1. For the range A:78-152, what does the relative contact order come out to in percent, with C-alpha contacts under 8 Å and a separation of six or more?
2. Mean shadow of the range A:642-683, computed from the convex hull of its alpha carbons, in nm²?
3. Taking every eigenvalue of the Cα gyration tensor of the range A:610-706, multiplying by 5 and rooting it, what semi-axes result, largest first, whole Å?
4. Mind sorting A:345, A:18, A:202 by how few other Cβ atoms lie within 10 Å of their own Cβ, fewest first?
5. In percent, what relative contact order does chain B have, based on Cα pairs under 8 Å that are 6 or more apart in sequence?
6. Using the structure shown, select from A:370/A:495; A:19/A:525; A:495/A:554; A:480/A:659 the pairs with a Cα to Cα distance greater than 30 angstrom.
7. Restricting attention to the range B:6-54, which trypsin sites (Lys or Arg not before Pro) occupy a DSSP loop and are surrounded by at most 15 other Cβ atoms within 10 Å?
8. Taking the Cα centroid of the range A:397-415 and of the range A:421-476, what is the distance between the two, rounded to the nearest whole Å?
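Laboratory data are not the source of any read-out in this text; all were calculated from the coordinates shown. Since the structure is predicted, the reported quantities are computational estimates derived from the model, not experimental observations. Cβ placement follows ideal geometry from the backbone for every residue including glycine, while neighbour counts extend to all protein chains displayed.
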Amino acid sequence: MLRCGSRILSKYTLIITEKPNAAIRIAAALDAEGKVKKKVDSGVPYYLAKRGESVVVVPALGHLYTVAGKKRGQSDYPVFDFQWVPRYLVERGASRLGTWLKVISRLSENANRLIDACDYDIEGSVIGYSILKYACSGKEKNAQRMKFSTLTKEELEKSYTELLSSLNFSLIEAGLARHEVDWLYGINLSRALTRAAEKYSEKYATLSTGRVQGPTLKFLATREKSIKCFVPTPYWTIKAKVIVDDAVFEAWYEKNQVETKVEAQAIVDSCRSKTAEIKNVITRTIQQHPPLPFDLGSLQGEAYRLFRYTPMYTLNIAQRLYLNALISYPRTSSQKLPPEIGYTEILKKLGRIAKYESQAYELLARSALKPTEGKKSDPAHPAIYPTGNLPQKRLSSSERKLWDLIVKRFMAIFVEPALMQTTKIIIDINGNKFHLRGKCTLKEGWLRFYSPYMKPESDLVPLLKKGEKISVNRIIMEDKFTTPPSRYNPSSLLKRMEKEEIGTKATRARIIQTLNTREYIRKEKIEVTDLGFEVIDVLRKYCPAVVSLELTRKLEERMKRIQQGKEKRRQVLHDTIEILKPVIERLKEEEQVIGARLSQALMKTRLEDRVVSICPVCKKGKLVILKSRKTGKRFIGCTNYFEGNCKTSFPLPQKGVAKLSGTVCRDCSWNTVKIWIRGKRPWNLCFNPECSSKDKRRKKVEMQSL
Amino acid sequence: MKCKVCDREIVEDDFCSMHLKAFKNLVERYDCWRKALRISWKEYLSEIRHNPLTGECTKEVASYLIENEEKRNGEEI
């Protein structure tokens, strides 16, 4: 029974949202007076709104249901029998979700109409569907759907009055299939690896892999291998410093790389003490088109380029901005902004903010607003755009930065291209051709609206004419080497996953984080660990299909077809199991060998994480952070101790966390160890007992005590 | 059987897959170096070993080849 003040609500519309913030906004938008009554049942909030009829809005907490094996407590594999169960039954620390489900279930009993108002994408559709089916006694067939891309009052009201008559069952089927296929791959392969390592070492460590994780780790391993096996080759560059009107400019030899020293020297010798003649001046004007509206991938890429935010961090901030109705739904792959979003209205609202006022009104003064758009579209949502709403509460620094970036991008896409002029001056020095290049911005165009995130370029060259002679100051030959391929970072890895069409915009950032958590990769400039290599080698050797991009892509294609109603979920699951069966059998047969390889790699990786430096005493062993089994105390010791060759050790503070800091001591240049103690500022410890910084500190303490 | 440079399983020529690739790259690139600088194989290995851009595994293979060449020369003497 539901009370609203002294009244008992016997019939009402129940709206289910994905998160509490969304529930508050929807209730406030739908209430005729904008006043929302918050109720709490067993710690679960829900909101009452009145608009002619009574409306109850209750939030979920993301997914409340998940896929699990039918046999509870089973830790062996293979597992092919599964069902959808409440998360609180199978996940540690999820017991409050049980209360949440009970409250939603209770509220649904007297509802005469149910509406799914979860985010309109694959994940949101699965969340809403599973709650309606399992917690609301199978009411998914009659439920209606709200579809919106922002949480603004206008859009929420509109989506309520224009409800979709049913859930999008094709989208739901595709979502369910994705979860189930990912679970089948993940649980079976991860258990195979984990159990193999556990049986060998008698120690537990979670080793996971999956349908998307495997191929992602594979192309990281391929890149890492290229870097580790790289052989640099020498080449030479030649530049001429020329003088024009007392200013010195650099012109580069026409060949970027001269392959032999003899040839390079010959060129330098032939140019010495010669004058230069201008052979040609080539000027080009280029249009630099405005950037495209943000989809999630490009937003994550740009946030990394500018602020060094990881893709996961950017997604979390964007999600918060969306829930505060400041931007549209961020999990989109669209690069299009349809006119229906109301460009003028948004710009008018942005014009109320002092920072954006002049540019917003400059745009509004134009006769037409036509945004630059890309090719990609998303059936559910447009590209990311600001709603124009003002923040209701203080934003954190990172939220402010991301919001500003989205606003500036939104404005820039309506502006004309920038005009750049490039100049190439071809200089002849005794028959050898050199190029002097420059560029300047003739017209800023959209760059002005996107500042400071992109700046006009300027690299000026002198005004010269064909046939003119100029003097040569110096000819410089530099020896260089080719460089190894660059390491992936979280942003470039995400782009690669997008390019290869593996994972979804919602899951890619999380998969990168999982690879980190599992110790398969480390650092921001991603390095693959020994464990990562071993996992990939094992999978390549015993089940190469599982790490193949082709298989993953085919599955993604089939899931798209489910979404389009052209493929059956049941068939995809059946085929997945048929692929997995022989793979699992093979892994079981080779369990011992696999276990040995993975355990050894795990030990080596964990040791490497604790390496501080090469031992300064024996110069062969490595100084590692260790813990004495006898005393339980932490210290730094040399790995050569185990060979009986070196007893070097240094004490460490026993509290807090200690890790290699990545910096060296200013006084003695030894690597330092960073210590984090709760409640105190982290500090870099130089553990060298002979370091002069210790004398300085001792003297300082003595002076203070006097 | 273990790789001559590390503890991993052998794939070919007594090298694991990583060190095999490094070895093959070393052999392949020597021609470039020879044309560029007119240096011997031994000098090339030494340059590679000290170059900061060289991959970790390549350095290990170069060191192994140098040490084994020295051992072989020592035995001959």
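1. For the range A:78-152, the relative contact order is 26 percent.
2. 4.2 nm²
3. The three semi-axes for the range A:610-706 are 25, 17, 13 Å.
4. Arranged by neighbour count, lowest to highest, A:345, A:18, A:202 become A:202, A:345, A:18.
5. RCO, chain B: 23 percent.
6. A:19/A:525; A:480/A:659
7. Here the trypsin sites (Lys or Arg not before Pro) that fit, given the DSSP loop and packing criteria, are B:38.
8. One Cα centre to the other: 32 Å.
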